1. Got a sec? Charge dipole of the protein assembly as shown, +1 on Cβ for Lys and Arg, -1 for Asp and Glu; which of A:Ile290, B:Gly21, B:Pro102 is way out at the positive end?
2. What FRET efficiency comes out for A:Trp241 versus A:Phe298 if R0 is 25 angstrom and r is the Cβ-Cβ distance? Round to the nearest 0.05.
3. When only Cα pairs under 8 Å and 6 or more residues apart are kept, what is the percent relative contact order across segment B:1-144?
4. In terms of Cα to Cα distance under 19 Å, which lysines are near enough to A:Lys159, apart from those fewer than 8 places away along the same chain?
5. Take the Cβ-Cβ distance between A:Ala320 and A:Leu234 as r, set R0 to 25 Å, and report the resulting FRET efficiency rounded to the nearest 0.05.
6. Which whole-number percentage describes the relative contact order of segment A:98-193, with Cα contacts under 8 Å and a sequence gap of 6 or more?
7. Note down the relative contact order for segment A:15-103 as a percent, whole number, built from C-alpha pairs under 8 angstrom at least six residues apart.
8. Would you list A:Tyr204, A:Tyr306, A:Tyr32 from the most to the least accessible area, probe 1.4 Å?
Amino acid sequence: MTNLDHGKFTRVTTMFHSLLALDVFLLFFTGYSVMFNDELWWLLELMGGNTGVLALHRIAGVGLIVLTVFWITFMIIGPGRRSNFRAVLPDLKNDMQAFIQDVKFVLGRADERHPHARQFAGYTSDEVPLLSYVGKGVIFIFAVELTLLMVSGLLIWSKPSLMQFFQTKAAAMAFVVFHGLLGVIMLMGVMFHIFEHGFHPAFYPVELKAFISKDKMPHTDHSDEDHEGTGIELLTLRPSWNWAVNLGGAAVVIGIVSVLLGSIFDEGYPVPRELTIGGGPTNLLLTIGINVGVLVLFLGLLLSVYGNVLRARYERQVRAERRTAETSHSDD
Amino acid sequence: MSTDQNSMQREQMSQGVMSVGEGTRIFPDVEACIDCGGCVVACKRTWDVPPEEQRISISTMFEGQEAEKPQLNSNSGRALNQGEFPGETSFPMQCYHCEDAPCVSVCPVDSLQKNDDGFVEVVEDLCVGCQYCLSACPFGAPQFPESDDGAEAVLGGGGIMDKCTMCEERQHVGKGPACAEECATDAILVGDAGDIADELDKRDAAPAFNKEAMEIIFGADEARAFDL
Ligand code: SF4
Ligand code: SF4
C-alpha cells in the first residue's frame with residue numbers, strides 16, 4: 001500500500017457518514033413510498049403500512065436532526081476540526097480552473113484533469129486536495145438540501161399549528177410542496193452520488209475511504225525507497241466492472257428521469273396542480289422506472305453496509321497481523 | 001312586497017332535499033341557518049360519530065350584530081359578495097364534495113377519490129394521516145379524530161382522515177343526507193347545481209362563498225348557474 005489519497009477521513013467522519021446514510025435511506029424509503037405511492041405501494045407496506053409509514057418518517061427525521069446537531073457541535077469543538085472545515089470551503093481560483101479544465105477535457109481540448117478535479121488517479125495525498133471541487137459541491141449541496149428539508153419538515157410537522165401561525169392554508173401547502181420537491185431533487189443527487197462512488201474503476205464496488213478512517217490506513221513512507229509510481233499501477237480492473245457500470249449507469253439514468261416524470265405526472269403533489277402536465281400516474285413504464293430508481297437506493301444501502309463489512313474485516317486482519325508480529329517479536 | 005306575494009313565494013319554496021343520487025350537490029343557504037345544531041345531532045345519530053368529532057359543524061360569525069346596510073341584514077350572501085359587513089351569519093360547514101376537489105389533488109396516496117357519481121370518498125386503508133387534505137380544503141372539512149391518540153399525539157401524525165360522506169349510503173336507497181332531511185329551516189340544499197341555484201333565487205338569497213370557492217365546489221361551468 002502507498003499513501004494514495006484514500007486515507008482521508010477521520011473515524012468520526014466515517015461513522016457519521018454511515019449513520020447519516022442509514023438515516024437518510026430510511027427517510028427516503030418512507031417518504032418516497034408515500035410520494036410515489038402508485039408505483040411503490042409494496043414499499044409502503046414494508047415500511048409500516050399506511051398507518052405506520054409516516055411515524056417512521058418522523059422518527060427518522062428526528063434522528064437526522066440529532067445527527068446534525070452532534071456533527072455541528074463536533075465541528076466546532078472537536079480537536080483539529082477547523083482545518084477540515086477549511087478543506088470544504090471553495091478555493092475559488094483552483095476550483096474554477098478545475099471546472100473549466102474539465103469542460104475542456106470532455107471536449108478533448110485538455111490532456112489531463114486538474115488536480116482539484118481528481119479523487120484518485122494515481123496521485124499521492126499531498127498532490128491533490130482533500131476534496132475535489134465535485135466533492136466539495138456534493139457536500140455543499142447535500143448540506144443545503146438537508147438543512148432545508150429539516151426546516152420545512154419541522155414546519156409541516158403539525159399542519160394545524162402552521163396554518164394557525166400563518167393564518168392561511170396556502171402557507172402550509174407551500175411548505176408541503178417545497179418539502180416534496182426538494183426531496184425529489186435530493187433523490188436524484190443521491191442516485192448520482194451512489195453511482196459516482198460505487199462505480200469508480202479504481203474503487204468499485206465501494207470506496208473504502210468512506211469507511212476506513214485515515215488513522216487505520218497504512219502509510220508506507222516511500223521517500224527512501226527507489227519506488228516509481230504511487231501504487232495505481234498495481235491495481236487491476238475487476239472483470240465485472242464493465243457490465244456493472246453500464247447496468248448501474250442505466251439504472252441511475254432511468255431512475256432519475258422516472259422520478260422527475262413521476263413527480264410531474266402525479267398531479268397536485270408535490271408539483272402544484274396548475275403546473276402539472278398529466279393526469280393519472282398509473283403508467284407501467286413509469287412504475288418500472290421509479291422502482292428502478294428505488295433499486296438504486298437499495299444498492300446504495302447495500303454498498304454502505306458492504307463498506308462497513310469490509311472495514312470490520314480489515315480491522316480484524318490488522319489486529320491479527322499485529323498479534324502475530326507481537327508474538328514473533330516476543331519470541332526473539 | 002305584499003303579504004300575498006310573500007305567501008305565494010313561500011309556496012314555491014322547495015324542501016332542502018330536491019333530488020338525490022348521481023351528480024348530487026350539497027350547499028348551505030346561510031340565511032336560513034339559525035344555528036340550532038339539528039344537523040349536527042342528525043349526523044352524529046345516523047353515523048354514530050364520537051363526541052370529539054363532527055362531520056358537520058355550524059360556524060357562526062358576528063354573533064348578535066347587524067349588517068352595515070339594513071337592506072342586507074337578511075341577505076348575508078349578497079353582503080359578503082359585495083364586500084359589505086353581513087352581520088350575524090351561520091355557516092353549516094361540511095364537505096361539499098367539490099367538483100374540483102383540492103383535497104383529492106393533494107392526497108399523495110389517492111386515499112381521497114372523487115367517484116363516478118360525484119361523491120368524494122376517503123379510502124381508509126390508504127390514508128397515511130399526512131393531513132395535506134386539511135391544508136388544501138378551503139372549507140375545513142377533513143377531520144382527524146385519532147390525532148390526539150397514542151403514537152399520533154407523540155409524533156404529530158393525523159391518524160385516518162374522516163369527513164362528511166354526504167350520506168352516500170342513504171342516497172343509494174333514495175333518502176337525502178340526514179343533516180338536510182333534519183334541518184327545520186331547510187338551510188341545507190341538496191340537488192343538482194341547477195336545482196340549488198334556482199332555489200337560492202326563489203329565496204332571493206345569494207351564495208355565501210365567493211366566485212373562486214364556487215368554482216371549486218361546482219366546477220367553472222356549473223358555477224355560472226349562480227348569480228355571482
Ligand atoms: S376540498 Fe374539502 S369540501 Fe371539497 S371535497 Fe375535499 S374535503 Fe370536501
Ligand atoms: S390525511 Fe389521508 S386523506 Fe388526507 S391527504 Fe393525507 S393520506 Fe390523503
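1. A:Ile290
2. For A:Trp241 and A:Phe298, the calculated efficiency is 0.80.
3. After rounding, I find 21 percent.
4. Leaving aside lysines fewer than 8 places away in the same chain, those within reach of A:Lys159 are A:Lys169, B:Lys163.
5. The calculated FRET efficiency here is 0.65.
6. 19 percent
7. Result for segment A:15-103 is 24 percent.
8. A:Tyr306, A:Tyr204, A:Tyr32
The values are calculated or read from the model by the stated rules, or taken from the named source; none is laboratory data. What you are looking at is a predicted structure, and each value in this text was computed from that prediction instead of being measured. So basically every Cβ, Gly included, is an ideal-geometry build from the backbone, and we count neighbours across all protein chains shown. When the accessible area is computed, the model is the full protein with side chains, heavy atoms only, and any ligands, DNA or RNA have been set aside. Shrake-Rupley method; radii C 1.70, N 1.55, O 1.52, S 1.80 Å.
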